[in-house]
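Contents: one structure, followed by commentary.
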Amino acid sequence: MDKLERLLNLTAALLHTSRPLTAQELRKRVGGYPEAKVAFRRTFERDKDDLRSMGIPLRVEPISGTDPPIDGYRILRSEYTGHNLQFEPDELTALNMATNAVRLDGGATGLLKLGGSTTQLEAAEIGRVPFNEKLALLITAAAEGRAVGFTYADLDRLVEPWRLSFVKGHWYLAGWDCVRHDQRLYRVDRIASQVDLRQHATQPRATPTDPANLRMWELGDEEPQRVRVMVDADHVAYFCYLMGEDPNHYDPATGITFEVRNVAAFRSLILNFAEHVEVIEPAAVRADMVRWLEALT
C-alpha cells in the first residue's frame, strides 16, 4: 500500500466513526503500517502531520475510561465538509478538463459541489471508470470496517472488504472470506446480487492482494492450485517470459510450477502453446485439460 492510499484510508476511517479511535484501532482498520512499534508510531505521526497540512480538521480527544489517559482521533463531518471550498478559475478549468478526460460513470455530483461545470471542454477522453451503487456500498463497507454479503459464482459470500482496485478495465475487491477463512479476490462486475451491509468486521486487516501484480490465471476466486507443466526446449524462453521467470532456471527434468486461481485463463495460456506444453499435475487439472481439448476437436 502506497502513502497516498494509506492517507485516503486513514481519512475514511476517521470520518466514518462515531467515537474517537486509538492509534492501534486505526492501525488495524487502515492497514499499510509497519509492524514494528517504533516504526508504526513514526509513520502514524507523519500521517497526522500530513492530514493537518492539507487542512483536514483532525481532532485529538481522550478515550473515556482509560487510565492512564489514551488519545483518540476522529474527524467530525461537520468540520470536514463545513467549509465552502473555492477554486481559482484556472484550477476549475484543470479540474473540469480532468473529469472530461477520465469519466466516472454515475455523474459528476462531487464536481458540481466544488463549483465545476457540466459543460464539455476540449479534452480528449482517455478513459472511463465504471461506478455504481454496488461499488459505492463496497467502498462504504471498507471505510467503516463492515462485512458485506453477496452472491458470486453461484455461492453466497460473506466478505470483509480490504481494498478496491481498478485494474485493466475492471474493479476488483480484495478481502477476507468469512466462509472460506482465507483472503479472496473478486471481480466486482461478476457479483450476481445486491450487496448487503452486514456486521462489523472481526478479522484484522492484512496486506491485501494487489490485482495489478497478478497474471490472468491468478486473477480469480477459485481455490488456488499448484500446477506443474513441462515445456518443449524451443518454447521455454517465451513461456518463462509470460511467467515472469528466468528461463535459465528452468529444469527440463521437473518443469515449472505456478499457482492457478482461474482455470479458464490457464487453459487459454496453455492453448497458445498447443502440443509444446504438457500439464503434468495435479491429476485433476490434467484430466480437465484433456476433456476441454477433446471437446474442442
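The values are calculated or read from the model by the stated rules, or taken from the named source; none is laboratory data. No experiment lies behind these values; they were computed from the predicted model shown. Positions of Cβ are backbone-derived with ideal geometry, glycine not excepted, and every protein chain shown enters the neighbour counts.
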Selection from region 209-225 of residues in contact with a strand residue (DSSP E or B) (Cβ under 6 Å, 6 or more places away or on another chain), buried (at least 18 other Cβ atoms within 10 Å of the Cβ) and part of a loop (DSSP other than H, G, I, E, B) yields T209, D221
Would you be able to say whether some residue in region 264-276 is surrounded by 13 or more Cβ atoms within 10 Å (Cβ to Cβ), at pLDDT 85 or above and among the acidic types (D, E)? no
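Looking only at region 146-163, count every residue that is crowded, with 21+ Cβ neighbours inside 10 Å and either of a type outside the set (D, E) or within 15 Å of V188 (Cβ to Cβ) (or both) and tell me the total.
First pass over region 146-163, keeping only residues crowded, with 21+ Cβ neighbours inside 10 Å: 147-148, 150, 157, 159-163.
Next, from what is left, pick out any that are either of a type outside the set (D, E) or within 15 Å of V188 (Cβ to Cβ) (or both): 147-148, 150, 157, 159, 161-163.
Of the residues in that region, 8 qualify.
I'm checking my understanding of the structure. Among residues of region 210-225 that are of a type outside the set (D, E, K, R) and in contact (Cβ under 8 Å) with a residue 40 or more places away in the chain, which one is farthest from R286 (Cα to Cα)? Walk me through it before giving the result.
Within region 210-225, the subset of a type outside the set (D, E, K, R) is 211-214, 216-217, 219-220, 224-225.
After this cut, where a residue has to be in contact (Cβ under 8 Å) with a residue 40 or more places away in the chain as well, the list is 211-212, 216-217, 219-220, 225.
On the way: P211: 26, A212: 28, M216: 19, W217: 16, L219: 20, G220: 19, Q225: 12 Å.
Going through the qualifying residues, I end up with A212.
Conditions (1) in contact (Cβ under 8 Å) with a residue 60 or more places away in the chain; (2) outside any helix (DSSP H, G or I), marked per residue:
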| position | (1), (2) |
| --- | --- |
| Q183 | no, yes |
| R198 | no, yes |
| T207 | yes, yes |
| V227 | no, yes |
| D234 | no, no |
| L242 | no, no |
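Yes or no, residue by residue, for (1) in contact (Cβ under 8 Å) with a residue 40 or more places away in the chain; (2) among the acidic types (D, E):
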residue	(1), (2)
L4	no, no
P20	yes, no
A36	no, no
A39	no, no
E45	no, yes
L51	yes, no
T66	no, no
G72	yes, no
R77	yes, no
Can you tell me which of L26, L8, L21, L58 is touching a Leu at 6+ places or on another chain (Cβ under 6 Å), surrounded by 11 or more Cβ atoms within 10 Å (Cβ to Cβ) and not basic (K, R)? L58
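For the condition on the phi < 0 side of the Ramachandran plot and either in the same structural domain as G31 (by TED's automatic domain parsing) or in contact with a Cys (Cβ under 9 Å, 6 or more places away or on another chain) (or both), what is the one hit in I256, I280? Before you say what the answer is, go through the steps one by one.
On the way: I280 fails: either in the same structural domain as G31 (by TED's automatic domain parsing) or in contact with a Cys (Cβ under 9 Å, 6 or more places away or on another chain) (or both).
Answer to the selection: I256.
Give G145, G169, G149, G175 a once-over and let me know the one that is outside the structural domain of S268 (by TED's automatic domain parsing) and without any contact (Cβ under 8 Å) to a residue 12 or more places away in the chain. First the steps, then the outcome.
Values: G145 fails: without any contact (Cβ under 8 Å) to a residue 12 or more places away in the chain; G149 fails: without any contact (Cβ under 8 Å) to a residue 12 or more places away in the chain; G175 fails: without any contact (Cβ under 8 Å) to a residue 12 or more places away in the chain.
Answer to the selection: G169.
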With (1) under 16 Å from the mean Cα position of the chain (by Cα); (2) surrounded by 20 or more Cβ atoms within 10 Å (Cβ to Cβ); (3) of a type in the set (F, W, Y) as the list, and F166 as the residue in question, which single condition is left unmet? (2)
